[in-house]
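Coordinate-derived values only; no laboratory data. All figures in this text were calculated on a predicted structure; none of them were measured in a lab. Heads up, the Cβs are rebuilt from the backbone with ideal geometry, glycines too, and the neighbour counts pull from every protein chain shown.
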Amino acid sequence: MATRYWIAALPVADDNVAAGKTALWARLQDAISRHSFDTPLYRFTVPDLRPGTLDSLLALSDDLVKSNIFIEGVSHKIRRQIEDLERAGGVEPGTLTVDGVPVDSYLTRFVWDEGKYPVNAPLKETVASIQSQVAKIEDDMKVRVAEYGNVKSQLGAINRKQTGSLAVRDLSNLIKPEDMVTSEHLVTLLSIVPKYSQKDWLSSYESLDTFVFQGRQKSFTRIMSMLSTL
């Protein structure tokens, strides 16, 4: 069963922000332990970002709803795609990771990437940057899925030619060049006949057309099919 996480943001009333955060964290741990002693708590550290004005925050709150829906949707697409590929490949479902780190570890040991998202940038720019990164990941996934589909189709075509019905497989290993007669007045035609229809074919093929060269039928029996040249 997947682990569910709740993220709670609490205000720090102390003028000394650092001390206030430490005291608030201790109080939260104490309160939770009284009601649910086996519930682990993790400190989700986020740096002090630039909030901007109240108006900009209100405007951003509407954008955050849309961004959250978009990012969550892309995350689910990636998860489903990975699961589909694992099933198609007969591989046991593995643990999803973020940059090579298990999701649980990534969340419980989260560290803000200041290189990608500078803390001194306006919140609106930070949100736009995150959404842009996710959109790029989605585009890359679409390209890779399309490439995988093309390779899979090509592999399927090769397998059909090698192991499929004689109607679609490569006949170069069954028919030799000397079996094919081509001249100004003659051309070799190939027909695939089920084994159970072999007698009917041999008794009737000469009457298919007035230009059939009688007595020139040659058979190549392969398992349940017969390949004939006229």
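Within the straight-line cut-off of under 12 Å between alpha carbons, the aspartates and glutamates reachable from K116 are E125, sequence neighbours fewer than 8 places apart in one chain being disregarded. Can you pull the one-decimal nm distance between simple spin-label points at D30 and D55, each 7 Å off the Cα toward Cβ? Result: 4.4 nm between the two label points. Under the shape rule built on the C-alpha gyration tensor, where the axes satisfy a ≥ b ≥ c, the stretch 1-81 is oblate, since a/c reaches at least 1.5 while a/b does not exceed b/c. Full extension of the chain between T22 and T108 yields a length gain of 29.2 nm, computed as 0.36 nm times the residue separation minus the alpha carbon distance. Counting beta carbons within 10 Å around each of Y196, Y5 and listing the fewest first gives the order Y196, Y5.
Applying 1/(1 + (r/R0)^6) with r as the Cβ-Cβ distance of D209 and E147 and R0 = 41 angstrom yields a FRET efficiency of 0.30.
How large is log10 I(q)/I(0) at q = 0.13, 0.15 Å⁻¹ when the Debye formula is applied to the Cα atoms of the chain, each weighted equally and without solvent? At q = 0.13, 0.15 Å⁻¹ the computed log10 ratios are -1.01, -1.19. So if R0 is 30 Å, what FRET efficiency would I78 and Q154 give, r being the distance between their Cβ atoms, rounded to the nearest 0.05? Given R0 = 30 Å and the Cβ-Cβ separation, E is 0.75.
Under the criterion of Cα pairs below 8 Å and six or more residues apart, the relative contact order for the chain equals 14 percent.
How many angstrom lie between the C-alpha centres of the stretch 34-74 and the stretch 148-162? Cα centroid to Cα centroid, the span is 46 Å. Were the residues from F44 through V119 laid out at 0.36 nm apart, the gain over their Cα-Cα distance would be 25.4 nm. With a threshold of 26 Å on the Cα-Cα distance, the over-threshold entries among K77/K152; K21/K77; K66/K136; K152/K195 are K21/K77; K152/K195. Charge dipole of the chain (Cα centre as origin; +1 on each Lys and Arg Cβ, -1 on each Asp and Glu Cβ, all else neutral): 800 debye, rounded to the nearest 20.
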